[in-house]
Amino acid sequence: MHAVLEPQAERSILEDATTVRKIALNYRRNKQQDHTAKIDQAAAQFDYAARRDQWWNPQAYSLLWGTPLWAEATERQRILLNQLYWVAYYSQIVSAEIATIYFNQTCAAGLYALEDFREVCDMLDLESAQERAHINAFKTISEAVEAALFGERLFTYRMRTPFTETMVHFDTNALKAKWKALQLRAFGLISSSNAFLACQYFTVRGLRTLNGKLVQHELSRYCAEMPAPDDAPIPSRVSLYHFHDESYHFNSSTILSRDVLRSVPSPTKYESFVANLGIRGCQRDHFYFSAAINGIFWYDPALYGRIFKLLRSPHFGLDDRAALEMMRRCFTEESEGLHESFRTHRTALESYKRYLDPLEYVAADNKAMKHMAKSTVAGWVERNRKEFMRFEREIEARA
């Protein structure tokens, strides 16, 4: 029997029986339903040729859905756009999960100072192992699709470090990228020795996961509601398995950012400042909305080159002039697809506000999501038209 010592004057997670039970329950249930083996098996069995004529997502979750390209596409082209949505969407998730694996570990170190931190860290270790399986499956399937369709990458990329822009297609440049990398390295260093900032990271992780749940619920339901889900296309099954895992990850974020936070000292002004910087960074990352892909807040001009390559491919067969004209119609004019993406953006904004509302240290501009709220359809049109003119001149000069 272990000796029981009197608790120290500082607050301890052991004194919060409700939180201890929440952690234990979430960890136990995640272990019991862990989909790692199913995801690994699905990725190993994926054969694009066998399922290339099937829809993998609801139709509305297709690349450039609701735009002139979608309206004029053939059935086969629409299926292709549906599958490329899966590839593009989960390529973005790969980037987010690479960062999650790293910060799970640095922030777990920051929680070592808590009494009986083990179950918290074991919970995060399980999640990191699941993230590695997710990344492998997303990359395996997406790279196989692009190899078969194009013989080169379109939305996929080589493995990357966590010290880069989390948003894959973002309004950035070399200087901004270096500054972002420096900020991420600095946060990893200070969060590994600061329990409050370690907990606060999960506030940001919770916001990002909350955004993902908006789309992933629809993708997973598409598979779950099939007459025979076990015979669904493998990418659809992976969407379902991933959603189940991420549901527990979201629970973890909420427990750590709210419940465990009660067991650490109140933040200093410096800690609150750093915490709010992270939330403002999330607002910047999620400022844009895209006509190309509903539910991922990409910067459309960063996609122009890839969409041009897609339209010039044999799957659409457009020449330079026709491809540019189609892009002009899709990316500089309002469409049903654009407005649907904007509605998703607004839904995410309101859900972020509700998520942050109980947290006292969050600054007023973050609670109101003031920066993210400035994103408008009119701003999208003005920005995209300006950038498209520049892109068009580059293509014409190259011809």
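Figures for the structure shown
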read-out: GNM flexibility winner over the chain from 343, 280, 321 (Cα, springs under 10 Å); value: 321
read-out: Cβ-placed point charges (K, R +1; D, E -1), dipole of the chain about Cα centre in debye, nearest 20; value: 840 debye
read-out: Additional length obtainable on full extension of the chain from residue 21 to residue 53, 0.36 nm per residue less Cα span; value: 6.8 nm
read-out: Length gained when the stretch residue 269-residue 161 is fully extended (0.36 nm per residue, less Cα-Cα span); value: 35.8 nm
read-out: Estimated vicinal HN-Hα couplings, Hz - the stretch 59-73 in sequence order (Karplus 6.51, -1.76, 1.60; Gly, Pro = x); value: 4, 5, 9, 10, 4, 6, 4, x, 10, x, 4, 5, 4, 9, 6
read-out: Per-residue ³J(HN,Hα) for the stretch 102-108, Karplus 6.51 cos²θ - 1.76 cosθ + 1.60, θ = phi - 60°, Hz, x for Gly and Pro; value: 5, 6, 4, 6, 5, 6, 4
read-out: Value in Å of the Kirkwood radius, where the stretch 44-93 supplies the Cα pairs that are averaged; value: 11.3 Å
read-out: Choice from 126, 64, 80 showing the highest fluctuation, given a GNM over the chain with Cα pairs closer than 10 Å; value: 126
read-out: Computed over the stretch 15-398: relative contact order in percent, which uses C-alpha pairs under 8 Å that are six or more apart; value: 22 percent
read-out: Residues of type lysines that residue 309 reaches as a straight line, Cα spacing below 27 Å, ignoring anything fewer than 8 places off in the same chain; value: 139, 176, 386
read-out: Local electrostatic count at residue 172 - Lys and Arg +1, Asp and Glu -1, tallied over other residues with Cβ under 15 Å; value: +1
read-out: Computed [θ] at 222 nm, helices only, for the chain once each DSSP H run of length n ≥ 4 contributes -39500 (n - 2.57); value: -22000 deg cm²/dmol
read-out: Subset of 31/370; 269/374; 31/367; 178/213; 22/180 violating a 32 Å alpha-carbon distance limit; value: 31/370; 31/367; 22/180
read-out: Protection proxy ranking, peptides 105-116, 291-302, average beta carbon neighbours within 10 Å, highest first; value: 291-302, 105-116
read-out: Sparsely packed GluC sites (Glu not before Pro) within the stretch 317-399, loop by DSSP, other Cβ within 10 Å at most 11; value: 360
read-out: Mean Cβ count within 10 Å, highest first, over the residues of peptides 152-163, 198-209; value: 198-209, 152-163
read-out: For residue 295, distant residues with modelled amide H under 5 Å away; value: 290
read-out: Most fluctuating residue given options 60, 129, 43, as computed from a GNM of the chain linking Cα atoms under 10 Å; value: 129
read-out: Ratio Rg/Rh, restricted to the chain and using Cα atoms, in which Rh is the Kirkwood radius; value: 0.99
read-out: Euclidean distance between Cα centres, the stretch 14-87 to the stretch 245-293, Å; value: 24 Å
read-out: Where labels lie 7 Å past Cα in the beta-carbon direction, separation of residue 313 and residue 132 in nm; value: 3.1 nm
read-out: Estimated vicinal HN-Hα couplings, Hz - the stretch 91-101 in sequence order (Karplus 6.51, -1.76, 1.60; Gly, Pro = x); value: 5, 5, 5, 4, 4, 5, 6, 4, 5, 4, 4
read-out: All aspartates and glutamates inside 14 Å of residue 38 as judged from Cα atoms, apart from same-chain residues fewer than 8 positions distant; value: 131, 230, 231, 245
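Since every read-out is calculated from the coordinates, none of them should be taken as a lab result. Because the structure is predicted, anything quoted here is derived from the model rather than measured. As a convention, Cβ positions derive from the backbone with ideal geometry for all residues, glycine included, and neighbour counts pool all protein chains shown.
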